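First comes the structure, then the notes that go with it.
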Amino acid sequence: MIEITSLDMIVPAAGIGKRMKSVVPKQYLKIFDRTVLEHTVNTLLSSHYCNRVIVAVRDDDPYFGKLGICQNPRVKVVTGGAERVDSVLSGLREAKTEWVLVHDAARPCLTQTDLNVLIEKSLQVDGGILGCAVRDTMKRTDERNGIIHTVERKLMFHALTPQMFRREQLIKAVIKALEDGVSVTDESSAMEYSGYKPLLVEGRADNIKITQPADLKMAEFIISSMVEG
Ligand code: CTP
Ligand code: MG
């Protein structure tokens, strides 16, 4: 373990989960005895590198206050915003550590190994993100799905979370991107826009983001395999 000040870890959890089509937002659906959000937050809290977990929830969220983690003194809640980036920025303003890590509430299958590798590698450069290599042949199409050409798969990755950066650099980068009207779909995109070159740290492909209904069963299967093996 590298000796560093521990990290404030931000969890954007203020989405409505439109694609999941459930009444309860997906971060509050249950996998076994706990909500998706609790699985995610507990994984982060268990890390040796974790100082606090800062969870961004909607201002009218009726669910978070009922969870056990809400009583944990190392868990801090802040109000999220209209877009994911607004929720992250709200968490960043509460964070105090030199380095911070951002991890989607909807990714409950993160392993401690991936978390540790990301932290240790990101610290040695200007920050980094977990990603996994694209496996399938990639096609670029026109609006009507006519295939224009095949995109070279080599050096193509899916961007996952966590993503880890120096807090002050990330806040500046996010604000700059927002001011310039640049779309910020993840923290790395803001850093890239500011001229940084974050490291892509290869992680497990089963660090899935629960997005559609079938993903919940998939996450349940992944988590049960982790416990067994
Ligand atoms: N998120 C957030 N604030 C928002 C939108 C999203 O904190 N205004 C969070 C979600 O809660 C989720 C993460 O960002 O943990 C990744 O976003 P996504 O998977 O897109 O979740 P939702 O936006 O909730 O889902 P959808 O896009 O289907 O509505
Ligand atoms: Mg979304």
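Inside the stretch 25-67, can you point out the residues that are out of contact with any strand residue (DSSP E or B) (no Cβ under 9 Å at 6 or more places or on another chain) and of a type outside the set (Asp, Glu)?
Answer for the stretch 25-67, where residues must be out of contact with any strand residue (DSSP E or B) (no Cβ under 9 Å at 6 or more places or on another chain) and of a type outside the set (Asp, Glu): PRO25, LYS26, LYS30, ILE31, PHE32, ARG34, THR35, THR43, SER46, HIS48, PRO62, LYS66.
Among the residues that make up the stretch 170-179, is at least one of them within 26 Å of ILE16 (Cα to Cα), touching a residue at least 12 places away in the same chain (Cβ under 8 Å), touching a Pro at 6+ places or on another chain (Cβ under 8 Å) and crowded, with 17+ Cβ neighbours inside 10 Å?
No, there is no match, as no residue in the stretch 170-179 is within 26 Å of ILE16 (Cα to Cα), touching a residue at least 12 places away in the same chain (Cβ under 8 Å), touching a Pro at 6+ places or on another chain (Cβ under 8 Å) and crowded, with 17+ Cβ neighbours inside 10 Å.
Could you please find all residues in the stretch 34-47 being assigned to a helix (DSSP H, G or I) and among the polar types (S, T, N, Q)?
Those that are assigned to a helix (DSSP H, G or I) and among the polar types (S, T, N, Q): THR40, ASN42, THR43.
Can you pull out the residues in the stretch 48-77 that are part of a strand (DSSP E or B) and closer than 16 Å to LEU101 by Cα?
CYS50, ASN51, ARG52, VAL53, ILE54, VAL55, ALA56, VAL75, LYS76, VAL77
Restricting the search to the stretch 137-175, which residues are of a type in the set (Ser, Thr, Tyr) and over 19 Å from the mean Cα position of the chain (by Cα)?
Of everything in the stretch 137-175, those that are of a type in the set (Ser, Thr, Tyr) and over 19 Å from the mean Cα position of the chain (by Cα) turn out to be THR137, THR141, THR150.
Go through (1) of a type outside the set (A, V, I, L, M, F, W, C); (2) within 14 Å of the chain's Cα centre (by Cα); (3) more than 16 Å from ligand 1 (Cβ to nearest atom) and name the single condition THR40 misses.
The failed condition is (3).
From the list ALA56, ALA133, pick out the single residue that is of a type in the set (Gly, Ala, Ser) and within 16 Å of ligand 1 (Cβ to nearest atom).
On inspection, the qualifying residue turns out to be ALA56.
Restricting the stretch 1-28 to residues that are within 20 Å of SER87 (Cα to Cα) and open to solvent by 30 Å² or more (accessible area, probe 1.4 Å), which is nearest to ligand 2 (Cβ to nearest atom)?
The selected residue is GLY15.
Mind telling me which of the residues ASN42, ASN72 ends up being closer than 23 Å to ASN207 by Cα and either more than 16 Å from ligand 2 (Cβ to nearest atom) or without any contact (Cβ under 8 Å) to a residue 12 or more places away in the chain (or both)?
The unique qualifying residue is ASN42.
The values are calculated or read from the model by the stated rules, or taken from the named source; none is laboratory data. Given the structure is predicted, the values throughout are model-derived calculations rather than measurements. Every residue, glycine among them, receives a Cβ derived from its backbone with ideal geometry; neighbour counts consider all protein chains shown. Remember, those area values only see protein heavy atoms, side chains included, never the ligands or the DNA or RNA. Shrake-Rupley method; radii C 1.70, N 1.55, O 1.52, S 1.80 Å.
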